[in-house]
Amino acid sequence: MRQIILDTETTGLSHEEGDRIIEIGCIELKSRQMTKNHFHHYINPERDVPEEAIAIHGITNEFLADKPGFAEIAEAFCDYIRGAELIIHNAPFDVGFLNAELARLGLPRIDELTTKVTDTLAMARDFFPGRRNSLDALCERYEIDNTHRELHGALVDSALLGEVYLTMTRGQEALGIELASHLDDLSNVPFKADIVVRKVTPKEEAEHEAYLDEISKKAKAPIVWRRQD
C-alpha cells in the first residue's frame, strides 16, 4: 500500500479570500516504511506573504521571488500523489488549498487523484477527546522528538506526522498481523458444515479485556474496538 504524508504552508488561512500555497512537503510510506521518495517544493504565490504568516513559517517574499509558480510543479505533484492514500493533519485545510490551486489550472481534484484522504487530526480527536491534538501536542504525547521544529515547515512537519501516524496505528497493525497468521494456520483445516456457537465464559472475557489493555498500552492510545457500541 502506498501512502503519502502531506503538509503545506500558505500565505494565510483562506484560499477563498485569495491565499495561496507557498510550500508543499510530502513523504512516501510503502508498507508502513518511510522511503526516500520525497516531494518538496517552495512555490511563488504570485502575491505578498503577510508578516503574520512569515512569523509562523519564516518563508519571506524575498525567498520566494525566484521560486516556481504552482503551475510549474502541478503536473509533477499530480503524478506523485496519483493512486495513493493521503495522510494529512487537519486535512480539510490542505485539501481545500490544493483543490483551489488545481482548479485554477483545470486539473483533477484531490479526491479524483487519490484513493483516500486520512485526517490524523480527526483520528486524534477520537482517541483523545477534549485534549490538545496539534502536531506538537501529539509529538509530546507519543514522545517523538520535535525539538528541531522552531518554525512550521512542510517537509519537517510531514516527517513528524509520519512518526505520529505510525505510532497512532501501531496497535491495530500488530493485531492485524497476528490475525493474518491465525488465518494462515487455519487454511488447511477441513470445512465442517456443523457450526457450534459457544457463549464466552467470564474467564475468557476477562482475558480478552486484558489483551485489549495490552494493545492500548503499547499504542499509547484508546483502541477502536472499545469505541464501538
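Laid out as a table, the results:
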quantity: Residue list for the range 102-120, restricted to those being open to solvent by 20 Å² or more (accessible area, probe 1.4 Å) and either assigned to a helix (DSSP H, G or I) or in contact with a His (Cβ under 7 Å, 6 or more places away or on another chain) (or both); calculated: 103, 104, 111, 112
quantity: Residue within the range 50-73 that is modelled with pLDDT of 95 or more, surrounded by 13 or more Cβ atoms within 10 Å (Cβ to Cβ) and within 21 Å of the chain's Cα centre (by Cα) present; calculated: no
quantity: Close pairs (9 angstrom Cβ cut-off, 6 or more residues apart or separate chains): hydrophobic (A, V, I, L, M, F, W, C) in the range 129-145, modelled with pLDDT of 95 or more and exposed (fewer than 14 other Cβ atoms within 10 Å of the Cβ) anywhere; calculated: 137/131; 138/132
quantity: Candidates 74, 84, filtered to the one that is closer than 18 Å to residue 6 by Cα, of a type in the set (Gly, Ala, Ser) and in contact with a Lys or Arg (Cβ under 7 Å, 6 or more places away or on another chain); calculated: 84
quantity: Residue match in the range 64-83 (condition: without any contact (Cβ under 8 Å) to a residue 24 or more places away in the chain, more than 23 Å from residue 160 (Cα to Cα) and of a type in the set (Phe, Trp, Tyr)); calculated: no
quantity: Verdict on residue 156 being closer than 17 Å to residue 89 by Cβ, among the aliphatic types (A, V, I, L, M) and at pLDDT 95 or above; calculated: no
quantity: Top-ranked residue in the range 1-49 [being more than 16 Å from the chain's Cα centre (by Cα) and aliphatic (A, V, I, L, M); ranked as surrounded by the most Cβ atoms within 10 Å (Cβ to Cβ)]; calculated: 22
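A quick yes/no check of all residues on (1) under 30 Å from residue 42 (Cα atoms); (2) at pLDDT below 75; (3) in a helix (DSSP H, G or I):
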site: 140; (1), (2), (3): yes, no, yes
site: 165; (1), (2), (3): yes, no, yes
site: 184; (1), (2), (3): no, yes, yes
site: 188; (1), (2), (3): no, yes, no
site: 208; (1), (2), (3): no, no, yes
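The values are calculated or read from the model by the stated rules, or taken from the named source; none is laboratory data. It should be emphasised that the depicted structure is a prediction, and the values quoted were computed from it without experimental measurement. Neighbour counts are summed over all protein chains in view; Cβ atoms, including those assigned to glycine, are modelled from backbone coordinates with ideal geometry. The area values use the complete protein model at the heavy-atom level, side chains included, leaving out ligands, DNA and RNA. Shrake-Rupley method; radii C 1.70, N 1.55, O 1.52, S 1.80 Å.
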